[in-house]
Amino acid sequence: MNFTDMKRFLLTIVLFLVAINASQAQALPKNISQGCEQPRMRTLPYNTNELAQRYGTEAVSSLYLRPITNWQQTEDEEAFIFSASYIVPFTWLSRQALLYVEGASGAYEVLINGKVAGSTFNGFTPTEFNITKKSKEESNTISIRIYKSHWSQRLHNADTTKAYLGEVYVMSQPTIRVRNIVHNATLDATGEMANVEVGIVVKTESLNAKKARIHYELVAADTTVATYGYRDITLQMRGEDTIKFMTRIPRSEMWSADKPTRYRLNLTTQIEGRKVEFQSHWVGLRSAELKDGKLMINGEAVALSESECNPQTITAEAIATAKQKGHNAVKFSSYAVPQHAYNMCDSLGMYVVMQVPINTSASGSSRRIGGNESNNPAWGEAFLSLSEAVWHSTCGFACVVAYSLAEESANGINLYESYLRLKELEQNRPIIYPDASSEWNNDGGF
C-alpha cells in the first residue's frame, strides 16, 4: 500500500469514527421537555360547589373547563398530528389557562395558534402546559404532533407505529390557585385510630404579593364531616407554599382493597371576599409501608397477586372478575394509563404497583459505554424526570401501594439515582426493581 492509499485508508477510518460519534451524539437526550408545568395529581376547577360535588375529577364541560374532542388526525414525515379548536371565553381573561394532556403514544409537541407552546419527551404521564399567553379570546387552534422518531424511544419498549392520544382539555384557574393536594395517614399507638395530614399546595403566577383564603371540608362516605375550616395564605411573586390541616379517623374507615372506603375533600378558593373556584376530590386514606420484607397496608401484611390488564380498556367487570379469581392487584400492560383506570382501582379496591415507563431491554444488558442507558450518565436527567412525573401524578391514589423503577433495564447509575430521588419524595411506600438482583436499589420482592 503506497502513501496515498494509506492516507486515504486512514481518512476513511477517521470519517467512519466521526460518523459513529455523531450518530451517538444525536441519540443522546436533549431538550428533555419545554414549557411543562410541574406534574401533579389531577385537579379540576368548577365555578360552583354543586358542579364540583357532582363531577369531582371527571372532566365535564363547564364555565372553567373545556374538553377537546373535535380532533382531526393527519400525519407528515415526522409526526402523527392531532388538530382541533377550543374557545377561551371572556371570563378567563384575568385567570390562567392550562392545557392538560393525559397521555400519548410517545414524545410530542404542542402548538397553539400555530406557535409552539411546549413539548415533552414523556408521553406516558399527564402533562400540563400554561397557555395563557398563547391563547386569545374566543376561537383558538391546537395541534399535538406525536413524533414518529425520537431519542426517547430508546427508553421504552412501546409500539411507535400507531398514534394514541388520551384525554385533552383546557381549564381556567385563578392567578393564585390550588395547584395540588397531598395526604398521608398513619395508625396511632393504639392501632384503632389513624392520624391524617392533608397538604394543599397553593401557587400564584402574579408579579405582586397575592392573598387567598382556602376553605376545606373532609367528609366521610356516610356524609359525616370529619373536619372543616379554612387557612389564609399570602404568596410573593410567583410563589408557592403548602397549607396543612390534620384530623383523626377510625381505623375501620381506612382504605384497603377489601374495603375501599373513601372520603371526599372539598376545597373552595376565596380571593378578596369572592369565591372563585371549587374543587372536590375523592381520597382513600390508608397507610402503606414495607416492614420485615412484607408490604403492610393499615398495619396488616398483604401479599399481592397481580392480574395483567390493559388500562385503556379496563372495566369494572374486569376488576370484579380478577377479584373473583383471587387477584388483589393489577399490572398494567401499556405505558399511558388513563386517570379513570386509577379511579376505578380506588373505587373498587385494587392495588397497583406503579411502573415507571422505562424499558431499555432493546439496548442489551451491558453496562459499558454504548451499552444500556441505565448506566450512562448522559441519560440521567431523563430517568429522573420520568420517575418524578410518575410519582407526582399518582401519589394521591390509594390504590398505588408501591413504585417500580423500570422493566428489563439492566442496572446502573441512573436507576440508583432514580431510587434515591423516589425515596426523597416517597416516605412510606416501597420502591422496587425486580431486575436489581442483589443490588441495593430494591426494597424487596414482597
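Compared with the alpha-carbon gap, the fully stretched path from Glu197 to Ser94 is longer by 33.8 nm at 0.36 nm per residue. Taking all Cα pairs closer than 8 Å and separated by 6 or more residues, the relative contact order of region 176-283 comes to 28 percent. If the label point is 7 Å along Cα→Cβ of Glu272, which residues in region 175-204 have backbone nitrogen under 17 Å from it? Under cut-off, by backbone N: 175-177, 204. Absence of a disulfide-compatible partner, taken as no other cysteine beta carbon within less than 4.7 angstrom, is noted in the chain for Cys36, Cys309, Cys395.
With R₀ set to 60 Å, the beta-carbon distance separating Gln72 from Asp188 gives a calculated FRET efficiency near 0.60. Simple point charges give the picture: +1 on the Cβ of Lys and Arg, -1 on the Cβ of Asp and Glu, and for region 176-283 a dipole about the Cα centre of about 420 debye. Residues in region 137-177 near a label at Thr313, defined as backbone nitrogen under 19 Å from the 7 Å Cα→Cβ point? The answer is 158-167.
If you take all other residues with their beta carbon under 15 Å from the beta carbon of Phe80, and give Lys and Arg +1 and Asp and Glu -1, the sum is -3. Between Glu381 and Ile87, full extension at 0.36 nm per residue minus the direct alpha carbon distance yields a gain of 102.3 nm. In summary, the lysines within cross-link reach of Lys244, defined as a Cα separation below 21 angstrom excluding same-chain residues under 8 places away, comprise Lys203, Lys210, Lys211, Lys275. Note on region 227-252 and region 74-126: Cα centroid distance 32 Å, given to the nearest whole angstrom. Only one of [x] 78, 60, 45; [y] 67, 57, 43; [z] 93, 57, 43 was calculated from the structure for Cα extents along the principal axes in Å, and its label is [z].
Per residue, the average separation of C-alpha pairs within less than 8 Å and at least 6 apart gives the chain a relative contact order of 14 percent.
Here Lys115 is the anchor, and the lysines within straight C-alpha reach of less than 22 Å, apart from those fewer than 8 places off in the same chain, are Lys30, Lys133, Lys134, Lys136, Lys148. With the helix formula -39500 (n - 2.57) applied to DSSP H stretches of n ≥ 4, the chain reaches a computed 222 nm mean residue ellipticity of -5500 deg cm²/dmol.
Peptides 391-401, 71-81, 324-334, ordered by how many other C-beta atoms sit within 10 Å of their residues on average, highest first, read 391-401, 324-334, 71-81. When a/c is below 1.5 the answer is rounded, else prolate if a/b is larger than b/c, else oblate, so apply that to region 108-262 with a ≥ b ≥ c taken from the square roots of the Cα gyration tensor eigenvalues. Taking the square roots of the gyration eigenvalues as a ≥ b ≥ c, region 108-262 is oblate. Return the FRET efficiency for the residue pair Ser149, Asn208: r is the Cβ-Cβ distance, R0 is 60 Å, and the value is rounded to the nearest 0.05. Computed FRET efficiency for Ser149 and Asn208 comes out at 0.85. Counting only residues at least eight positions apart within a chain, or on another chain, the aspartates and glutamates with an alpha carbon under 18 Å from that of Lys325 are Asp258, Glu306, Glu308, Glu317.
Cβ crowding within 10 Å ranks Tyr108, Tyr433, Tyr230 as Tyr230, Tyr433, Tyr108, fewest other Cβ atoms first. When the Cα convex hull of region 163-222 is projected onto planes of every orientation, the mean area is 8.7 nm². Selection among Ser139, Tyr419, Cys36 by position relative to the dipole of the chain gives Ser139 as farthest towards the positive end (Cβ unit charges, Cα centre).
The simple Förster model, with R0 at 35 Å and r as the Cβ-Cβ distance, assigns Asp222 and Lys331 a FRET efficiency of 0.55. Each of Trp282, Trp379, Trp440 has some number of other Cβ atoms within 10 Å of its Cβ, and from fewest to most they run Trp440, Trp282, Trp379.
Length gained on full extension, Arg368 to Ser139, computed as 0.36 nm times the residue gap minus the Cα-Cα distance: 77.2 nm. Rounded to the nearest 20 debye, the dipole magnitude of the chain is 900 debye, with +1 charges on Lys and Arg beta carbons, -1 on Asp and Glu beta carbons, and the Cα centre as origin.
For the chain, the longest principal axis of the Cα atoms and the long axis of helix 3-27 meet at an angle of about 10 degrees.
Every read-out reported here was derived from the displayed coordinates using simple, explicitly stated rules and does not represent laboratory data. Only a predicted model underlies this, so the values are computations on that prediction, with no experimental measurement involved. Reconstructed Cβ throughout: ideal geometry from the backbone, glycine too, with neighbour counts over all protein chains shown.
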